[in-house]
Amino acid sequence: MVPDLAPGTSHCQACGFFASELPIQINSVDRIDEDVRERALKPVRLANFQQLLAECADYLPRGTRLLDVGCAHGWFLEAAKTRGIECVGIEPDVDMERRARLAGHDVIAGFFPAEMPPDMRFDAIIFNDVFEHLPDVSVAASVLSDYLLPGGAVIVNLPVAEGFIFRAARLAARFGVTGPLNRMWQIGLPSPHVSYFTSAALSRLFTTAGFALLRQGQLASIVTDGLYDRIRYDRSVGALKAGALYTLAVAAVAFSKFFPSDIQYFIFQRQVP
């Protein structure tokens, strides 16, 4: 790994994997206005979740028992339950865990896998914009089989390193415009990004852990509706900076349709020895 363009980040030039040493400060840093974030994010996330559930329907039939790692407000749990999926979430942020419980969801408080009850087993485990936040992805991948029934599936949707917006942000940083790349790493937020995978690097990690890639697809990376509010839910971002980031993001949307989406999903299946 060699130092990369954002503070505290590094890059493997052989495989394209990016990593950071950014501190995870869940429950100790209060920079996010959660009410603003909920109003801004929920419509976008629910739309993506409905697309994801539709495209993964053959792996998530009615009656599937599913674990949502980092379930946050419980929006995916909400969407999945409407399709007859039995859901359990696990969430380390105490405020998010409280909100999910108040919404009527079954939620385990704490980090995955440290707080997982050892006897729980699922047909499927999903990471929605979570896997890139985990401090040790190798450990997380290696223990997934412990919580899956034979032939169980793991669904990961996350931002990828080959996405147009991530690559454009790195290019801008080379010319001294560091704001977009810092934002993509979520520097200073309670749960920054710790990893950016290429599709090949993510597949290699899961193959090593005993899984086979079944399907890969794309989700919308930026939706302009509510975008300004999504930028401003970080209380440290002033109006002028938010306006600049919004302008750059809207411009990126116009170009990104010609390139791979920054948000992709992967379905892996546990291989039975």
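The values are calculated or read from the model by the stated rules, or taken from the named source; none is laboratory data. Here the structure is a predicted model, which means the values were calculated and not measured. Because the Cβ atoms are built from the backbone with ideal geometry, glycine has one as well, and the counts that use them run over all protein chains shown.
Side notes on the structure shown:
- Taking the range 91-108 as the range and being surrounded by 13 or more Cβ atoms within 10 Å (Cβ to Cβ) and either more than 13 Å from VAL69 (Cα to Cα) or touching a strand residue (DSSP E or B) at 6+ places or on another chain (Cβ under 7 Å) (or both) as the test, the residues that pass are GLU91, ASP95, GLU97, ARG98, ARG99, ALA100, ARG101, ALA103, HIS105, ASP106, VAL107, ILE108.
- One residue from LEU52, LEU77, LEU67, LEU46 being in a strand (DSSP E or B) and not charged (D, E, K, R): LEU67
- Index of the failed condition, ARG167 passing every other in (1) surrounded by 15 or more Cβ atoms within 10 Å (Cβ to Cβ); (2) at pLDDT 90 or above: (1)
- Some residue of the range 249-257 being in contact with a strand residue (DSSP E or B) (Cβ under 9 Å, 6 or more places away or on another chain), within 30 Å of SER28 (Cβ to Cβ) and either modelled with pLDDT of 95 or more or surrounded by 15 or more Cβ atoms within 10 Å (Cβ to Cβ) (or both): no
- From the options ASP93, ASP146, ASP106, residue that is without any contact (Cβ under 8 Å) to a residue 40 or more places away in the chain, farther than 24 Å from ARG215 by Cα and of a type in the set (Asp, Glu): ASP106
- Residue that is surrounded by the fewest Cβ atoms within 10 Å (Cβ to Cβ), among those in the range 127-142 that are of a type outside the set (Gly, Ala, Ser) and within 21 Å of ARG215 (Cα to Cα): ASP129
- When the range 111-137 is filtered for residues that are farther than 24 Å from GLN50 by Cα, in a loop (DSSP other than H, G, I, E, B), under 17 Å from the mean Cα position of the chain (by Cα) and touching a residue at least 12 places away in the same chain (Cβ under 8 Å), the ones remaining, listed by number, are PHE111, PHE112, PRO113, LEU134, PRO135.
- Those residues of the range 115-130 which are within 22 Å of HIS73 (Cβ to Cβ) and at pLDDT below 95, in sequence order: ASP129
- Scan of the range 170-200 for residues that are more than 16 Å from the chain's Cα centre (by Cα), aliphatic (A, V, I, L, M) and surrounded by 20 or more Cβ atoms within 10 Å (Cβ to Cβ), ordered by number: LEU181
- Some residue of the range 61-74 being aliphatic (A, V, I, L, M), surrounded by fewer than 21 Cβ atoms within 10 Å (Cβ to Cβ) and within 19 Å of SER145 (Cβ to Cβ): no
- Members of the range 182-199 that are among the aliphatic types (A, V, I, L, M) and at pLDDT 95 or above: VAL194
- Against the criterion of being more than 28 Å from ALA57 (Cβ to Cβ), in contact with a strand residue (DSSP E or B) (Cβ under 8 Å, 6 or more places away or on another chain) and among the hydrophobic types (A, V, I, L, M, F, W, C), ALA124 does not qualify.
- Across the range 213-227, a minimum of one residue is classified as among the hydrophobic types (A, V, I, L, M, F, W, C), at pLDDT 90 or above, farther than 17 Å from GLU132 by Cα and not in a helix (DSSP H, G or I).
- Boolean, THR207 is outside any strand (DSSP E or B), modelled with pLDDT under 95 and of a type in the set (S, T, N, Q): no
- Tally of residues being under 15 Å from ALA124 (Cβ atoms) and crowded, with 18+ Cβ neighbours inside 10 Å across the range 41-58: 4
- Residue list for the range 2-21, filter: modelled with pLDDT under 95 and either of a type in the set (A, V, I, L, M) or surrounded by 18 or more Cβ atoms within 10 Å (Cβ to Cβ) (or both): ALA14
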